[in-house]
Every structure is written in C-alpha cells, then in structure tokens.
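The values are calculated or read from the model by the stated rules, or taken from the named source; none is laboratory data. Quick caveat: nothing in here was measured; it's all calculated off a predicted structure. Glycine also receives a Cβ, built like all others from the backbone with ideal geometry; neighbour counts cover every protein chain displayed.
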Amino acid sequence: MLDGGGASAYMPLAMAELDLSRRSSIAAAPPAHPAANLAGMTRDALKEALVRAFELDPRKARMRATQIWRWIYHYGATDFAAMTDIAKDMRARLAERFVIARPEIVERQVSSDGTRKYLLRMGPGVDVECVFIPDVGRAGALCVSSQVGCTLNCTFCHTGTQALVRNLTAAEIVGQVMAVKDDLCEWPSGGDERRLSNIVFMGMGEPLYNLDNVASAIDVLSDGDGISISRRRITVSTSGVVPQMRPLGEATSAMLAISLHAVNDPLRDVLVPINRKYPIAALMDACRAYPGVGNARRITFEYVMLKGVNDSDAEARELVRLLKGVPAKINLIPFNPWPGAPYECSPWARIEAFADIVNRAGYASPIRTPRGRDILAACGQLKSESVKKRASEIRRARAGAP
C-alpha cells in the first residue's frame, strides 16, 4: 500500500496491459441508487443534477450547487435538513430526489501504532480497503484505492493476488475520504487541527488505469471550498504506465510517485511485470518529462527492500546513476510480509548501508518505518478481507454449518 505500492507495489500489475478507463465491460459502475447520491459529485455534475431534477436555469443551479457543495464537502453534512441557508421547501425537494451517502464501513481495525485500516463496501460484493496513517505529512495521510483488486501482479504485493473487479468511480474514491473524515470526526474541513492532511493513491489498484476518475476525484478533494487538500499534498503512485504519466500531470498537478523496486530490466520484469511493456529507460524519460517536475516538486521513487534480491551496494550505486538529472527523493520500504509471500525483508543493517550510499550521493532516502503491519495495513499488504470472508461463508453454507 502506501508509497511502496501505490499503483505499483501496493497495487499490483498485469502482464497484459488493460486500459481499464476504456474497457466499460470491466470498469462499469454499479447500478445507481434510486435516489442519486450527491456525495462525490464534481461541481459541474452537481449543477447538472440540479438542472435536470428541478429544471433550474444554469445560473440559479450554479448558485444552489455552490451552497450544497459547501455543506457536503466543508461541513460534512449527510442530511439536507442541516442546510439552513436553503429554503425548507427546497430542502424537502432535495431529500425526495437525492441522498448524501457514504460507503459502508464494514470493518475498522486499529493498529498498535494508531494506523487505521478500513474495509469499505461500495455495493454488493464490491469492497475495498483504505488506510489512515497518523503523523505523516503535516498531520496524517490517507491511502486510498482506485480499483477493486488489480491487474498488475507485482510479485511482492498482496493486492496483486486479488483479481480485478472494476474501476472505482470518482464518487467512490472521494467517498473513502469522506467516510474516514466521519470516523476521525474531522468536519468541518480545514483549520490547524485537521488530522487528515495528505492523500496518497497507493491503495488497491493502478491509478493510471483509471485516470479519468482519479482526476475527477482530485478535483473534488482539492477544491478550496470543500475538503481543501492541496494538490501538493496529493500523491499518485504508478507502477509505470508511461503513456498516462504526462496526462496525469496535466490533468491534476498531483505529486508523482514511481514504484521502481529494481534498477535493471531483467529483475524489474519479474518484480513489476508492466516493465516488460514499458522498460526502465522509457519510464525514466517519462519522469523527466513530467509536467512541473523540479526541485520544488520532486518525484518520489519507491523501492521495497527484498533480502538478497535488490538490496546490494552495487544496486544502490546503480540507483544513483539511474536517477541522475531527475529531481527525486527515494523512499526505501522494508518489505512487509503477507501470507504466502515469496520474499523476506532485507536485514536492517543492509537497508541502512543501502540508504547510506544513496544519501552520500545527495538524495534524500528515508527508510519508511513500517506502519500497521499487525493488521496487514502496511505497504503491499492490502487485500479485501471480504474476499476471504465470502469464500469461508460459502464453504460453511455448503457444509450446512451455522
């Protein structure tokens, strides 16, 4: 998950590339609620929904949408009755046509270090995980998912063992943030006391295979009249979907993270199979061309430390050579074990020796302290527990167990 596996380590990879943003048979959204859900809508979508529902002229619809927007995204309202600057009759009409709903929190686990892992239900059989990590960034970071499952099959990532179900909609991505803000009691948004200050697209799925919805979600999350998280505090991690990297930067101005994990193509072909389509040279060219990249907007390179696999001094020196000329920082991520994982974490002394080589070359290379390992919430450990639960329920039902 976080940082080590956004799109990549923490989202798996597929040997056969699927552009899910254009595969409606896979990426189709679930059936709409009989009453349309306003939570998660962009400003334009909210305005158009009001125009259609009440035949408002566009100017009046824009004004009404601005009011509703602030109630939903700044104050966290879940009931139209709370919107006191809107006339009572209009509030009643809104309640007849719309809802303000969140994903269902099916399960919340709290780690000994304060990390919270949520299992969220988007619809029947559609569950995802997201993770809140306190004391990251200015206050705390939320690792959100962009897909249900993943196609990428990164061999060190638990999420890669869960088959892809579909893309998440923009509303479902935003809904993860809203559900967690509810749980953290962090409404209204903003202020010095906020606990959620950063968003990282490093949960389940490859964000750049769902770019349209990711970009729309970022528009909502960064809007200054609502949740108001700066785009400089929103990071999108990719395993290396090279053709979508520039469009990501142009559409979102988000910070970029690359799930790298190897410094040569033969090894990265194994660890991050999308490398077979977009090898390291092409990936690095795309990094150099990322819109806005510079010393003030460095690219983060995620590197999971695997014992005897990618952790030698020679590989540390090659990493330095590889990143020459790219404004970069490097996150070294101790491998987080998961059931059946084929790798072990590098010894701490080996990780420190690797970091020392990178640091002496002038790159910031913090070693990420594992968070949430005890609840399988750390980088690369996300997988919907509901997948296993449903399987066990089916087995019990077949056996006639209660």
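Of note:
- With respect to the conditions (1) closer than 24 Å to Gly224 by Cα; (2) under 22 Å from the mean Cα position of the chain (by Cα), Ile86 falls short on a single one, namely (2).
- Matching residues in the range 65-75 - criterion: being part of a loop (DSSP other than H, G, I, E, B) and in contact with a helix residue (DSSP H, G or I) (Cβ under 9 Å, 6 or more places away or on another chain): Tyr75
- Selection of helices (runs of 4 or more DSSP H) fully inside the range 187-291 by the criterion of at least 1 residues being within 30 Å of Pro342 (Cα to Cα) and in contact with a Lys or Arg (Cβ under 8 Å, 6 or more places away or on another chain) returns 265-271, 280-288.
- Within the range 329-347, restricting attention to residues that are in a strand (DSSP E or B) and crowded, with 20+ Cβ neighbours inside 10 Å, the residue that is modelled with the lowest pLDDT is Pro334.
- Exclusive hit being assigned by TED's automatic domain parsing to the domain that holds Leu152, surrounded by fewer than 17 Cβ atoms within 10 Å (Cβ to Cβ) and under 28 Å from Val126 (Cα atoms), set Asp285, Asp212: Asp212
- Arg350, sole failed condition from (1) at pLDDT 55 or above; (2) part of a loop (DSSP other than H, G, I, E, B); (3) of a type outside the set (Ser, Thr, Tyr): (2)
- Any hit, the range 76-83, residues being without any contact (Cβ under 8 Å) to a residue 12 or more places away in the chain and either among the hydrophobic types (A, V, I, L, M, F, W, C) or part of a helix (DSSP H, G or I) (or both): yes
- Some residue of the range 51-74 being among the small types (Gly, Ala, Ser) and at pLDDT 95 or above: yes
- Scan of the range 298-316 for residues that are among the aliphatic types (A, V, I, L, M) and either in contact (Cβ under 8 Å) with a residue 40 or more places away in the chain or not assigned by TED's automatic domain parsing to the domain that holds Ser346 (or both), ordered by number: Ile299, Val304, Met305, Leu306, Val309, Ala316
- In this structure, Ser8 does not satisfy being among the small types (Gly, Ala, Ser), modelled with pLDDT under 90 and outside any loop (DSSP other than H, G, I, E, B).
- Residue selected from the range 256-272 under the condition of a type outside the set (Val, Ile, Thr) and crowded, with 22+ Cβ neighbours inside 10 Å, by the criterion modelled with the lowest pLDDT: Leu271
- Selection count where residues are within 23 Å of Val241 (Cα to Cα) and either in contact with a Gly (Cβ under 6 Å, 6 or more places away or on another chain) or not in a strand (DSSP E or B) (or both), scope the range 138-155: 12
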